[in-house]
């Protein structure tokens with residue numbers, strides 16, 4: 001895409017990050033993450049959500065620290081996720 005001179009946008013980054021996460025291509029996802037930062041798409045909620053997904057899947061559930069860091073950097077969380085206490089007092093099981 002870059003070789004053809006096409007400029008990626010937030011949708012492109014979101015889809016590529018999602019594909020990297022589903023395919024286990026963490027190093028490639030990290031390279032896309034760098035491009036996201038350089039080109040100013042880090043404020044895009046969909047891009048950030050796929051970054052969280054990438055790092056959470058990459059950790060295999062063992063250490064989600066970097067995914068949690070990206071989530072915390074979102075500030076005002078979409079869909080009101082920031083409203084939930086982090087003390088385990090709410091059981092969301094259905």
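Can you pull out every residue in segment 12-26 that is in contact with a helix residue (DSSP H, G or I) (Cβ under 6 Å, 6 or more places away or on another chain) and exposed (fewer than 13 other Cβ atoms within 10 Å of the Cβ)?
Filtering segment 12-26 down to residues in contact with a helix residue (DSSP H, G or I) (Cβ under 6 Å, 6 or more places away or on another chain) leaves 13-14, 16-18, 20-21, 26.
The answer is none; no residue qualifies.
I'd like the residue in segment 51-62 that is more than 16 Å from residue 73 (Cβ to Cβ) and either surrounded by 15 or more Cβ atoms within 10 Å (Cβ to Cβ) or in contact (Cβ under 8 Å) with a residue 60 or more places away in the chain (or both) and, out of all such residues, is farthest from the chain's Cα centre (by Cα). Spell out the reasoning first.
Within segment 51-62, the first condition is being more than 16 Å from residue 73 (Cβ to Cβ), and the residues that meet it are 57-62.
Subset that is either surrounded by 15 or more Cβ atoms within 10 Å (Cβ to Cβ) or in contact (Cβ under 8 Å) with a residue 60 or more places away in the chain (or both): 57-59.
Details: 57: 10, 58: 11, 59: 13 Å.
Here the residue is 59.
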### Task
Answer yes or no as to whether residue 29 is under 20 Å from residue 73 (Cα atoms) and surrounded by fewer than 18 Cβ atoms within 10 Å (Cβ to Cβ).
no
### Query
Can you name every residue in segment 40-50 that is surrounded by 11 or more Cβ atoms within 10 Å (Cβ to Cβ) and part of a loop (DSSP other than H, G, I, E, B)?
41, 42, 43, 44
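One line per residue, one yes/no per condition, for (1) modelled with pLDDT of 55 or more; (2) closer than 22 Å to residue 16 by Cα; (3) in a helix (DSSP H, G or I):
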position	(1), (2), (3)
38	yes, yes, yes
70	yes, yes, yes
76	yes, no, no
89	no, no, no
#### Entry: Output for segment 24-36, where each listed residue is more than 11 Å from residue 10 (Cβ to Cβ) and in a helix (DSSP H, G or I)
26, 27, 28, 29, 30, 31, 32, 33, 34, 35
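The values are calculated or read from the model by the stated rules, or taken from the named source; none is laboratory data. Computed from a predicted structure; not experimentally measured. In this analysis, Cβ positions are derived from the backbone assuming ideal geometry, glycine residues included, and neighbour counts consider all displayed protein chains.
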